[in-house]
Amino acid sequence: MKTLLIPLATTLCLTAGTVAADNTLRGKHLRVDSQALPGHPADHSAPATDTVPFPPADSVKLSGYDKPLNSMKESLLITNRSNHSISGLRIEITYLDLAGRELHGTMTDLHVDIPPGATRKAVFPSWDTQRSYYYHLGKKPRTANVTPYTVSCRVIHYTTQSQ
């Protein structure tokens, strides 16, 4: 039985090597359409945006922060109080222990679509990669030797669709 399989396998390998590859290029004359290039006046692929740096405190409200002990993600509620739809924002987050000492600080870019007057939940990766910290207003963990913390958040800028 083994002697039959070896010649058959050899024949299959030899015939498989003679198959020609498909030509996926249809035609030899390829050219660049200059109007399809990004930045060309005829490019309508993405709408123009405006960035509002350091917006007034009453234009965007950050609330509802949460990060349980064993979570690799954090969440935050964002309320758009401006007259424009928000398509993204950059926030600065400072993590503090309960004595007010800084544990960590970061800037996070969030890509969210928030119509005027609406609230959306944003979820982003956690700074606590070792899972040893928990938000002090969240669910209290049952384990010992973990550290509660609080956060301070502020909007650095947000992005809107230009009119």
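Put simply, of A20, A48, A57 the only residue that is modelled with pLDDT of 55 or more, of a type in the set (A, V, I, L, M) and more than 29 Å from I114 (Cβ to Cβ) is A20.
Between L69, L103, the distinction of being modelled with pLDDT of 95 or more, farther than 10 Å from Y158 by Cα and hydrophobic (A, V, I, L, M, F, W, C) belongs to L103 only. If a residue must be over 23 Å from H111 (Cβ atoms) and in a loop (DSSP other than H, G, I, E, B), how many such residues does the stretch 123-147 contain? Number of matching residues: 14.
Quick one: would you say D128 is acidic (D, E) and free of Cβ contacts under 8 Å to residues at least 40 places away in the same chain?
no
Looking at the stretch 128-156, which of the residues that are among the hydrophobic types (A, V, I, L, M, F, W, C) and open to solvent by less than 50 Å² (accessible area, probe 1.4 Å) is farthest from T51 (Cα to Cα)? By that ranking, first place goes to V146.
The values are calculated or read from the model by the stated rules, or taken from the named source; none is laboratory data. The structure presented is a predicted model; accordingly, all values stated were derived computationally and were not measured. Cβ sites come from the backbone with ideal geometry, for glycine too, and all protein chains shown count toward neighbours. Side chains are part of the model used for accessible areas, which takes the heavy atoms of the whole protein and leaves out ligands, DNA and RNA. Shrake-Rupley method; radii C 1.70, N 1.55, O 1.52, S 1.80 Å.
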